[in-house]
Amino acid sequence: MKKVNQKNQKTEKRNWKKPAGIALMVALFCGVMSLAIALNVSNGGVEKETEPVSTKEIEFSVPMSNAVVVKDYADDHLQYNASLNRWEIHLAVDMASENGDVFACCDGKVLSIDSNSLEGYVVKISHDDGFVSVYGSLSNVEGLKVGDAVKMGQKLGVADTSAANESKQGGHLHFAMLKDGVEVDPNNYLDLQNK
């Protein structure tokens, strides 16, 4: 009699484990399916296609004819700013030319046009692949407005001493570049040292 009871107890234990195991599997499956549905809904229910990667290299041109570099880019050492009487990093290249004309370095779209006493007129142009070019210390802007498309070599304005923070350098273009919102050395994209 004792043997039968032990067998029945074992059977009862097994029967208890089987429904619990099945319930656990069902709950796990439902959780995975819920997560998959939630992820699909967050994508708008549509599978996203990957965008093609551009293999075309962007070409930039020097923004002034016969330019001379007055003050170079420096993010790893300080340079003296005589106008402000202080040492600072310089995240742009200052250049000058005989006539002071400033041109777009690449095709793009005008992001902003600002004017203030420290920087003079400043034009920002967006380009492909996350690039933005910045032209500061301009005396005027050649009939541009935000949203205008510009072509490489199109005249943007004239460099001047309008930037009070660098006025002791004389008339010049304060030229900066950004890639994905971060300042980059224009020398890496333009042949400025031979100008």
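The values are calculated or read from the model by the stated rules, or taken from the named source; none is laboratory data. Every value quoted in this text rests on a predicted model; they were computed, and no experiment measured them. Cβ coordinates were reconstructed from backbone atoms using ideal geometry, including for glycine residues, and neighbour counts include every protein chain displayed.
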Query raised in the report: Among 158, 132, 146, 122, which is the only one that is part of a loop (DSSP other than H, G, I, E, B) and β-branched (Val, Ile, Thr)?
Result: 146
Report task. Could you please let me know if residue 135 is among the aromatic types (Phe, Trp, Tyr) and touching a His at 6+ places or on another chain (Cβ under 9 Å)? Result -> yes
Query raised in the report: Out of the range 127-147, which residues are over 22 Å from residue 185 (Cα atoms) and under 20 Å from the mean Cα position of the chain (by Cα)?
Result: 146, 147
**Report entry** Residue that is surrounded by the most Cβ atoms within 10 Å (Cβ to Cβ) [pool: residues in the range 114-142 that are without any contact (Cβ under 8 Å) to a residue 60 or more places away in the chain and small (Gly, Ala, Ser)]
**Finding:** 137
Query - residue 94 being more than 19 Å from residue 153 (Cα to Cα), in the same structural domain as residue 149 (by TED's automatic domain parsing), touching a residue at least 60 places away in the same chain (Cβ under 8 Å) and of a type in the set (D, E, K, R) - result: no
Query raised in the report: Out of curiosity, is residue 114 of a type in the set (Asp, Glu), modelled with pLDDT of 90 or more and assigned to a strand (DSSP E or B)?
Result: yes
**Report entry** Residue satisfying condition, being buried (at least 18 other Cβ atoms within 10 Å of the Cβ) and under 26 Å from the mean Cα position of the chain (by Cα), within set 78, 173
**Finding:** 173
Query raised in the report: Considering only the range 81-104, how many residues are surrounded by 19 or more Cβ atoms within 10 Å (Cβ to Cβ) and over 29 Å from the mean Cα position of the chain (by Cα)?
Result: 1
Report task. Among the candidates 145, 155, 168, 151, single out the residue that is in contact with a Gly (Cβ under 9 Å, 6 or more places away or on another chain), loosely packed, with under 15 Cβ neighbours inside 10 Å and assigned by TED's automatic domain parsing to the domain that holds residue 99. Result -> 151
Query raised in the report: (1) at pLDDT 55 or above; (2) exposed (fewer than 10 other Cβ atoms within 10 Å of the Cβ); (3) hydrophobic (A, V, I, L, M, F, W, C): which one isn't true of residue 41, the others all being true?
Result: (1)
